[in-house]
1. Taking the residues in the range 26-56 that are loosely packed, with under 11 Cβ neighbours inside 10 Å and either free of Cβ contacts under 8 Å to residues at least 24 places away in the same chain or within 12 Å of the chain's Cα centre (by Cα) (or both) as candidates, determine which candidate is farthest from residue 9 (Cα to Cα).
2. Quick test of your reading of the structure: residue 16 fulfils all but one of (1) touching a helix residue (DSSP H, G or I) at 6+ places or on another chain (Cβ under 7 Å); (2) within 16 Å of residue 72 (Cβ to Cβ); (3) free of Cβ contacts under 8 Å to residues at least 12 places away in the same chain. Name the failing condition by number.
3. How many residues are in contact with a strand residue (DSSP E or B) (Cβ under 7 Å, 6 or more places away or on another chain), over 13 Å from residue 60 (Cα atoms) and either at pLDDT below 95 or in a strand (DSSP E or B) (or both) if we restrict to the range 1-27?
4. With the requirement that a residue be over 16 Å from residue 10 (Cβ atoms) and either surrounded by 13 or more Cβ atoms within 10 Å (Cβ to Cβ) or over 14 Å from the mean Cα position of the chain (by Cα) (or both), what does the range 57-68 give you?
């Protein structure tokens, strides 16, 4: 799941070196924290948060197949 999210994020941003994805795993849930450069934050979130919502939906669909709950958080 982290790899899929990383592929998506890296294709959206200009400053690829600043991308950092931290995975915190619980018993049944996973939290993925995405950190990108300040200037790339708008590209990742999109207009009115639509792109961020789409990314979360995609990752949750993958997680459902693995019977896990995933939360994707975007950090500035």
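The values are calculated or read from the model by the stated rules, or taken from the named source; none is laboratory data. Values in this document were obtained by computation on a predicted structure and should not be read as measured data. Here the Cβ is made from the backbone with ideal geometry for all residues, glycine too, and neighbour counts use every protein chain on show.
1. The first filter runs over the range 26-56 and keeps only residues loosely packed, with under 11 Cβ neighbours inside 10 Å, leaving 26-28, 38, 47-48, 50.
Next, only the ones that are either free of Cβ contacts under 8 Å to residues at least 24 places away in the same chain or within 12 Å of the chain's Cα centre (by Cα) (or both) stay: 26-27, 47-48, 50.
Values: 26: 23, 27: 26, 47: 16, 48: 18, 50: 14 Å.
Ranking the qualifying residues of the range 26-56, first place goes to 27.
2. Status for residue 16: all satisfied but (2).
3. Residues that pass the stated criteria total 5.
4. Correct list: 60, 62, 63, 64, 65, 66, 67, 68.
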